[in-house]
Structure formats: structure tokens, C-alpha cells
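Data first, discussion second: the structure below is written as C-alpha cells.
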Amino acid sequence: MDFFDKLGKKASETYKYTSEKTSKLAREAKLKMQMNEHKSQIEDLYEEIGKKMYEHHVNDKALDIDIDAVLEEYCIQIDELCDRIEDERKELLTLKDKKQCPNCFCEIELDYKYCPNCGDEQKENEEEV
Ligand SMILES: [Zn+2]
């Protein structure tokens, strides 16, 4: 390989690195947006639950509504949203090349052996289990 080939290769590697970094940032921004969206959907559901409970209180037993079943449906939706937020949060951590301390849940560098926040020892490859 002569000098100019090497130069060309290096330039394209730099370009590749930059565009990967840019798409990472874009993905990160999108994930954050999705998380916020899902969080606000959960807030809406909480509000709905509150409303349903109050309506039930006002109408009391006049309306034969199974309030537990109604609430259960809302709770299932919240569970699903929480799962999605959890997945998004994990993907976000991976994107940032960070891991989460299993003890205090703060974000730390992948290669840290001990958590700088709580001092907890970090077991290897815990994320992959
Ligand atoms: Zn910690």
C-alpha cells in the first residue's frame, strides 16, 4: 500500500467515525424524546385513574361498574409503558458506553471496577446476564 492509499483510507475512516458518532447522537436524542413521550403518557394514565376513581365515588354503586377491572386495564398499560421506558433507558446507556451501578443506579463508565458514587464493587459483564 503506498502513501496515498493509506492517506485515503485514513480519511474515510475518520469520516466513518464522525458519521457513526452523529447517528449515535441522533439515536440518543430520539430515545430521550421517546422516553419523555412515554413518561407523559404514564402521567396521563395516572390522571385518568384519578378521574375514574372520583367518578366511581360520585356515582357510587348507582352505576354497576367493576372499578377494579377498569383500574387493572390502566395498570397494564402503565406496566407496558414502564417496560418500554426501561428498554429505552438501557439502550441509551449502551449508546453512551456507560453502565448502571446495580446498587445506587447511577451511571458509570463501563470499565469502572468500583462505583464512584457508592463504592459498590462492579461485577464483570453484569449487563449481559
Ligand atoms: Zn453505586
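What follows is calculated from the coordinates using simple rules that are stated; it is not laboratory data. Just so it is clear, the structure is predicted and the values come from calculations on it, not from any experiment. Because the Cβ atoms are built from the backbone with ideal geometry, glycine has one as well, and the counts that use them run over all protein chains shown.
Going by what's in this entry, would Tyr46 be described as in a helix (DSSP H, G or I) and exposed (fewer than 11 other Cβ atoms within 10 Å of the Cβ)?
Considered against the rule, which asks whether it is in a helix (DSSP H, G or I) and exposed (fewer than 11 other Cβ atoms within 10 Å of the Cβ), Tyr46 comes out as no.
Does Leu81 satisfy being surrounded by 13 or more Cβ atoms within 10 Å (Cβ to Cβ), away from the ligand (no atom under 16 Å from the Cβ) and over 16 Å from the mean Cα position of the chain (by Cα)?
When the stated conditions are applied, Leu81 does not pass them.
Take the stretch 16-75 and flag every residue that is within 22 Å of Leu93 (Cα to Cα) and among the acidic types (Asp, Glu).
Correct list: Glu20, Glu28, Glu37.
Among the residues of the stretch 1-57, count how many are of a type in the set (Asp, Glu) and within 30 Å of Glu73 (Cα to Cα).
Total meeting the criteria: 6.
Sort through Ser23, Ser12 and tell me the only one that's surrounded by fewer than 11 Cβ atoms within 10 Å (Cβ to Cβ), more than 31 Å from the chain's Cα centre (by Cα) and not in a loop (DSSP other than H, G, I, E, B).
None of the other options fit; the residue is Ser12.
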